[in-house]
Amino acid sequence: MFFPPKLPAQRNAWVQRLALFCILVAVCSSCHRPEDASIAYERARTTFVHGDLVASQTAAEEGYRRFKSSNPEWAWKFKILEAESMLWRGMYLDVVNLLQASPPDRSTKIQVLGLLGAAKARLGSYSDAERYLGEARQLCMESLDRACGGVSRAEGVLATERRDLAKARRAFTDSMVFARSHGDQLLEATALLNLGAVALLDGHFDEAADWSNAAYRISSGLQAEDLSQNALGNLGWAYYRLGDKTRALDLFLQAEKHAARLGDLSDEASWLTDAGYVYMDTSNFSLAQQSFQRGLNLEKQVNSKDDVYNIRRVLARLDFQTGEFDKAAQDADDALEIARETHNHADELYPLLVQGQIAAQRRGYREAQSKFEEVKDDQASPVFLKWEAEHSLAQLYETQKQFPAADREYRVALSTFEAARADVRHEDFQLSFLTNAEGIYDDYVSFLVEHHHSDEALRWADYSRARTLAEGLELLPKTGDARLKPVSLTAPAFNLKNIAARANGTILFYWLGEKQSYLWAISEKKTQLFSLPRRSEINSVAERYRQSLIGPQISAEYSNPDGRALYEMLVSPAKDLLARGGKVFIIPDGSLNNLNFETLIVAQPKPHYWIEDADVVNASSLRVLAASFGIEKRRSRKLLLVGESIVPSKDYPTLPKAAEQMATVEKHFAPAQEQIYRGAQATPAAYLASNPEQFSYIHFVAHGTANRLSPLDSAILLSGSPGGSFKLYARDIVQRPLNADLVTISACYSAGERSYSGEGLVGLAWAFLRAGAHNVIAALWDVTDTPAEQLMERFYEELDKGQTPDEALRSAKLSLLHEGTYGNPFYWAPFQLYTGSFATHPRNGVTSIAHSFDGAVIHRSAALN
């Protein structure tokens, strides 16, 4: 569940601070300044720009005392700089107290009024803030002053506080245009960060990431550290809302360290709170409590009602999740009271939802329903809060055994979510966004299973899988629009027997749930559902076993208890549907994406690895699997071979057996049908310029890197070229359409390390599938040169005999297993085959053969009965 901190309100304080600072600089630059005052002031101002707020405040205070008697005009400039430093540090009451005296001139008065308006806005005194800014605007209307440049920006901040986002966006856009026309990069960074903050409030999180990234780049170049840390934190919040919590946590922690170093109490507390959200979402409640408490202690020093409200609200969420309902109720009441005191209606909705959830736990069903409906129907409710209210209402109906109403409300919640997802533009963000609905899909699948609708549950489970991949390959249209009123969503239907028959094997579809996991075993004759342990139990065993596989530690006696336990847990329930030596298509979930099922240990009749019983193929969804059975005339065998590269980095030495593996692959193709780039010629530019769509086989022999924080920045490391990178990035691979029967990436971790909810493992293998490859062989962990070369030799020999890629890879692995020297799974098991699609790619024109399922539709459907 998601209850975001009031982040834009917190972050927009810097807009008022920086805008007014820009006015100060402009005014002072036109004044005649005594040399000693000028030097002292410029030194203090530079310190302020770089973000050392404690030092700039101290220097400004000293300058004020020094020139108070001898030069009152300069003394006021120092006083304003002191107030700016306080405001940036979150010392809002101190700003109000400092600026009580009457300014000496009109320009200074405009600056003072802006500062007072900013401070009052941050203290929640919106009427006072509006009065101060109104007076400043009146002065500017009487006679334009360069100090007036910040008034519209301050008004944009106030509009954001009051949730008039259209007005705020106009004001900040105007400030950005003004800054660019005057070559003022500092002011431009201000505008960009404000536009990002507005986009956060408006639910356009990918747009917010773009604005915040741009602000960070400019502020970093200017060494404006306080501005940079705000951009980092806002970028973190955008990623959090896009479902990429790993990257969000990293950014929050970076921003918190910057803020602590700069002495910015308010922002430090904010980033601590944000990090606490990630900890709470991942059930690390101890770290969450520590982060929230540290943030609350800092906010008490700042004495900002908005910030205290924010932490009270999140503490209510934490207390609710840990079962401390009395504390949760008190924190929610406190947060609601603050929201009403500050007349911020939108802020009332978050604690209202928590109150409804507490009431539901206490069986106050009527009260809970009323609060959920109030939140979901309120026009001020952000989209993520709306789908949470709908989800909570569905659970409430389920508890009350109102099953048709529960079914309807689950679909409404998913429709709201899917409409929001359809508004996400960047593919990077689409990959992570589905994480936000993980709980809704999980609860709905379990609900359908428990009410004996297992086939429908499977449809919904598959609908949540490989969405970005399927949409990119045009196997599934995007559904919904955030601007339209959501309606009930229906998952695609498919013919399971038809898919299994065309696959000529058995399909094992896994769903790992918080409370209950499931396995659907699908054969040509029947589909059978099995209950499995909950996600956490499966994850712990799978992770232990995976760690034992990534080094040559497994004994020849097949004694690893986790390998045996996983077979009994994940495969044995469906063993009656599995033909010995037959194909098995694994559609994994969660941690199972990183597990090679071939290595699971079968105890009877004597211990052995499951690869000896089954030809295992990995697929991302039933939808993609159904589209992989293309009826297509086989083309001539044409090879693109890239490797033996010279990486311009001492961290990646030349692979000792690269030349041998290149020669091994090369000899299996006719010279006229080969395009080979080796050594210095093996560059990313060479691959991209080779028209890779013309090749039926593509093979890389190189180092690879998996980027966990940003999987599309995973790369194959090739030779460098003048003016170009030596990295062939996953995001670049996606952009070049393929029609290859097989792509082989003989590189470490080429399958990827990051598994997204629903989407699965994302890395180089995913990128080639997304580009249109029909099959991809990639590695789950480190690849060792000599066994890899031997495996590829046997693999291509089997392909020459007419075996399919999955059959040939299994034969090659079994040869290593049985010959002894490299029988340990560490050597042969990293390579896995991932099946893709023969369906239409938006750029390659291959004919779609995906007849085994229907497209998703959105309509009002009959409720479950």
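The values are calculated or read from the model by the stated rules, or taken from the named source; none is laboratory data. All values derive from a computational prediction rather than experimental measurement. Neighbour counts run over all protein chains shown; Cβ positions are idealised from the backbone, glycine included. Note: areas computed on protein heavy atoms with side chains; ligands, DNA, RNA excluded. Shrake-Rupley method; radii C 1.70, N 1.55, O 1.52, S 1.80 Å.
Among the listed pairs K68/K305; K376/K515; K245/K583, give every one whose C-alpha distance is greater than 31 Å.
Working: K68/K305 34 Å; K376/K515 26 Å; K245/K583 36 Å.
Too far apart for the 31 Å limit: K68/K305; K245/K583.
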For K650, the lysines lying under 17 Å Cα to Cα, once residues fewer than eight places off in the same chain are dropped, come out as K727
How large is the Kirkwood hydrodynamic radius of segment 652-779, in angstrom, based on all distinct alpha carbon pairs?
14.8 Å
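Would you mind telling me the share, in percent, of accessible area of segment 125-278 contributed by carbon and sulfur at probe 1.4 angstrom?
Values: 2620 of 5320 Å².
Of all accessible area on segment 125-278, carbon and sulfur atoms account for 49 percent.
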Of all accessible surface on segment 581-718 at a 1.4 Å probe, what whole percent is carbon and sulfur?
54 percent
How much area per residue is accessible in the chain when the probe is 1.4 Å and only protein heavy atoms are counted (Å²)?
37 Å²
Per the Cauchy relation, a quarter of the hull surface: what is the mean projected area of the convex hull of the alpha carbons in segment 46-109, in nm²?
4.2 nm²
Whole-number Å³ per residue for the convex hull built on Cα positions in segment 390-515:
119 Å³
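Between H452 and S370, 0.36 nm times their residue separation minus their Cα-Cα distance comes to what?
Working: separation 82, 0.36 × 82 = 29.52 nm, distance 2.99 nm.
The H452-S370 span can extend by a further 26.5 nm.
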Below 17 Å, Cα to Cα, which lysines can K371 reach? Residues fewer than 8 away in the same chain don't count.
K386
Bin all alpha-carbon pair distances of segment 723-803 at 5 Å intervals from 0 and give each bin's fraction as a whole percent.
3, 14, 20, 22, 19, 14, 6, 1, 0
Rg over Rh, two decimals, the chain (C-alpha only, Kirkwood Rh):
1.03
Listed by chain and number, the aspartates and glutamates with an alpha carbon less than 15 angstrom from that of K667, same-chain partners under 8 positions apart left out, are E789, E793, E797, E798, D800
Just to be sure I understand the model, the point goes 7 Å from the Cα along the line to the Cβ. What's the resulting Y558 to S540 distance in nm?
2.7 nm
At 0.36 nm per residue, and after removing the present C-alpha to C-alpha distance, how many nm does the segment from D800 to Q681 gain when stretched out fully?
40.1 nm
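How large is the dipole of the chain about the Cα centre if only Lys and Arg carry +1 and Asp and Glu carry -1, each at its Cβ, rounded to the nearest 20 debye? All intermediate terms of the calculation are to be shown ahead of the outcome.
Values: 93 positive and 109 negative charges, 176 e Å.
For this selection, approximately 840 debye.
I'd like the FRET efficiency for K300 and S127, computed as 1/(1 + (r/R0)^6) with the beta carbon distance as r and R0 of 22 Å, rounded to 0.05.
On the way: r = 24 Å, r/R0 = 1.11.
Approximately 0.35, to the nearest 0.05.
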Just to verify a number: FRET efficiency for K526 and D36, C-beta to C-beta distance, R0 = 56 Å, to 0.05?
0.05
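How large is the helix-only mean residue ellipticity at 222 nm for the chain, computed as the sum of -39500 (n - 2.57) over DSSP H runs with n ≥ 4, divided by its residue count, in deg cm²/dmol to the nearest 500? Let's see the in-between values first.
On the way: 37 runs with 482 residues, N = 865.
Only helices count here, giving -17500 deg cm²/dmol.
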Is there a pair in K120/K257; K79/K109; K526/K575 whose C-alpha atoms are over 19 Å apart, and which pairs would that be?
K120/K257
Take the Cα pairs of segment 233-276, get the Kirkwood Rh, then feed it into Stokes-Einstein at 10 °C and 1.306 mPa s and tell me D in µm²/s.
161 µm²/s
Only bridges with both residues in the chain count here: give the DSSP antiparallel percent, nearest 5.
55 percent
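With the Cα gyration tensor of segment 120-262 in hand, give its eigenvalues times 5 under a square root as the equivalent ellipsoid semi-axes, listed largest first in whole angstrom.
Details: eigenvalues 148, 59, 41 Å².
Largest first, segment 120-262 gives 27, 17, 14 Å.
Work out the length of the dipole vector of segment 136-193 about its Cα centre, built from +1 on the beta-carbon of each Lys and Arg and -1 on the beta-carbon of each Asp and Glu, and round it to the nearest 20 debye.
For segment 136-193, the charge dipole is close to 220 debye.
Counting only protein heavy atoms, what percent of the accessible surface of segment 421-476 is carbon or sulfur at a 1.4 Å probe?
Details: 610 of 1470 Å².
C and S atoms contribute 42 percent here.
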